[in-house]
Amino acid sequence: MSNEAMKTIEIKGWIWAAPTWDGQGIQYKFDSFDYEAAVKEGRGVETWSGYKKVAEHSFTVEIPDLDARTLRIQQLEAERTQLRANFQRRVNEIEDQIGKLTAIEYTASGREGAA
């Protein structure tokens, strides 16, 4: 058993009915996002226009009392790691291109000197 502080929260949302990917059935899910409102605003029309609000629902659950700052720091650290990886990948591509161009230039000047 964890020694973390716990808190009780209420999650409010809707039960949604949506067609299955093959269109042969209906799947049900809970979400706090209002798909119908989004479609009325012109967002997600292709994906969400088939969603139907079945019932409003809420439930109460006990969860660890998380620190929002800690979660945000983890998110930023993950983003920083990804950006560094992307940057290094691009630097490597550039260095590879420079190396290839330098090799071509060296070969060309080597031929000119031999003639």
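The values are calculated or read from the model by the stated rules, or taken from the named source; none is laboratory data. These figures come from a predicted structure and were not determined experimentally. Neighbour counts run over all protein chains shown; Cβ positions are idealised from the backbone, glycine included.
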GLY50 touching a strand residue (DSSP E or B) at 6+ places or on another chain (Cβ under 9 Å) and not in a helix (DSSP H, G or I): yes
Matching residues, the stretch 20-33, being among the charged types (D, E, K, R) and either in contact with a helix residue (DSSP H, G or I) (Cβ under 9 Å, 6 or more places away or on another chain) or assigned to a strand (DSSP E or B) (or both): LYS29, ASP31
Exclusive hit being loosely packed, with under 10 Cβ neighbours inside 10 Å and modelled with pLDDT of 95 or more, set GLY25, GLY13: GLY25
Some residue of the stretch 68-84 being small (Gly, Ala, Ser) and either assigned to a loop (DSSP other than H, G, I, E, B) or without any contact (Cβ under 8 Å) to a residue 24 or more places away in the chain (or both): yes
Count - residues of the stretch 67-100 that are within 16 Å of the chain's Cα centre (by Cα), among the polar types (S, T, N, Q) and closer than 27 Å to GLU4 by Cα: 2
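For the stretch 42-56, give me each residue that is farther than 19 Å from ILE15 by Cβ and either loosely packed, with under 10 Cβ neighbours inside 10 Å or in contact with a Leu (Cβ under 7 Å, 6 or more places away or on another chain) (or both).
Listed by number, the residues that qualify are GLY42, GLU46.
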